[in-house]
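Contents: one structure, followed by commentary.
The values are calculated or read from the model by the stated rules, or taken from the named source; none is laboratory data. Note that the structure is predicted; figures quoted are calculated from it, not measured. Virtual Cβ from ideal backbone geometry, glycine too; neighbours counted across all protein chains shown. Calculation scope for accessible area: heavy atoms of the full protein, side chains included, ligands and nucleic acids excluded. Shrake-Rupley method; radii C 1.70, N 1.55, O 1.52, S 1.80 Å.
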Amino acid sequence: MNLAVVLVSPKTPGNVGAAARAMLNMGASDLRIVAPRCDYLDSQALAMAVHAADLLRGARVFPTLREALSDRDLSVGTSARLRADLPAPRHPALVRPLVRQAAAPALVFGPEETGLINSDLEQCQVTVRIPTGDYASLNLSQAVLLVCYEFLQGQDEPPPISRKTATREEMEAMYGHLQETMHLIGYTDAVRARHTLRLWRALLDRGLMSSAESRLFRGFLRQVRWKVEDAAARGTTAARSGAADAAPAHED
């Protein structure tokens with residue numbers, strides 16, 4: 001499986017090296033690091049990586065999570081707690097069929113102190129939580145080992161790949177387009193836009209759109225813009241009405 005493991009802003013070199021070793025143990029080889037706060041190739045990292053030193057040296061570094069996920073068609077975030085407006089985390093074993101069906105999945109871990117923040121989890125279609133005892137704090141490499149095991153070595157037959165879903169970059173571009181359109185037609189305003197877009201993300205990500213379907217949806221959005229601007233040019237209506245007056249009661 002072409003599973004990428006993405007570490008967001010790791011702080012400790014030893015944790016990065018140990019995470020690389022955990023990946024090698026479970027058969028993953030694509031390590032991606034977003035905005036590291038340490039030298040992930042220092043002596044401590046290489047010592048903790050042991051035989052995974054080559055995997056660690058081959059890691060790719062990205063300035064943002066969006067760029068790290070741009071070629072992925074499924075992104076799985078990790079979280080130990082519930083977040084407002086975001087889908088509840090699921091057991092990794094329940095997500096395994098979805099991951100194995102994907103052509104290019106990614107597994108995303110946050111910084112050691114805080115985990116992934118909400119804006120990171122918004123870019124993931126599904127979130128998993130590792131079940132633990134009362135003390136739920138896991139070392140980064142432990143978390144990488146456990147979830148990679150569930151996705152790569154768990155005991156069930158992977159389902160056949162039936163379709164190729166859109167990459168995260170295609171989906172993020174679509175969501176940016178959707179947000180512009182919502183503002184254009186007064187569907188939401190600057191205060192409520194983020195909450196509204198989270199609800200739309202949850203709805204549309206569940207559909208696992210293909211590239212063609214994301215383009216179809218953006219074609220619809222372009223037609224909405226054309227219609228509004230054409231009507232404004234004809235003087236039949238304003239290009240954009242006030243969101244406070246026009247926004248429907250859709251945000252509970």
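Rounded to the nearest 10 degrees, what's the angle between the helix 211-234 long axis and the longest principal axis of the chain, both from Cα atoms, 0 to 90? It works out to around 30 degrees. Straightening the chain between His51 and Phe220 buys 55.7 nm, computed as 0.36 nm per residue apart minus the Cα-Cα spacing. Taking amide hydrogens as placed 1.01 Å from N in the peptide plane, the amide H of Arg90 sits under 5 Å from those of Thr127, Val128, Arg129, each at least 5 positions away in sequence or on another chain.
For the chain, what does the accessible surface come to per residue with a 1.4 Å probe? Please give it in Å².
50 Å²
Around the Cα centre of the chain, unit charges on the Cβ atoms of Lys, Arg, Asp and Glu (plus for the first two, minus for the last two) sum to a dipole of about 360 debye.
Computed from label points 7 Å out along Cα-Cβ, the spacing between Ala231 and Leu94 is 4.2 nm.
To the nearest ten degrees, helix 13-26 and the longest principal axis of the Cα atoms of the chain are 90 degrees apart.
Dividing the mean sequence gap of close Cα pairs (under 8 Å, 6+ apart) by how many residues the chain holds gives a relative contact order of 21 percent.
Quick one: with all protein chains in place, what share of the accessible area of the chain is carbon or sulfur, to the nearest percent (1.4 Å probe)? Intermediate results must be reported in sequence, preceding the final value.
Details: 6920 of 12540 Å².
Looking at the chain in its full context, I get 55 percent from C and S.
Relative to the longest principal axis of the Cα atoms of the chain, helix 193-206 runs at roughly 70 degrees. In this label model, Thr64 and Ser43 are separated by 3.8 nm, measuring between points 7 Å along each Cα→Cβ vector. Gain on full extension, evaluated as 0.36 nm per residue between Met1 and Tyr135 minus their Cα-Cα distance, stands at 45.1 nm.
Return the ratio Rg/(2.2 N^0.38 Å) for the chain, where Rg is computed over Cα atoms only. Spell out each step's value before the answer.
Values: Rg = 20.5 Å, N = 252, 2.2 N^0.38 = 18.0 Å.
In units of the globular-protein estimate, the chain measures up at 1.14.
Under the simplified labelling scheme, the Arg192-Ala84 pair shows an inter-label distance of 1.6 nm, with each label point 7 Å from Cα along Cα→Cβ.
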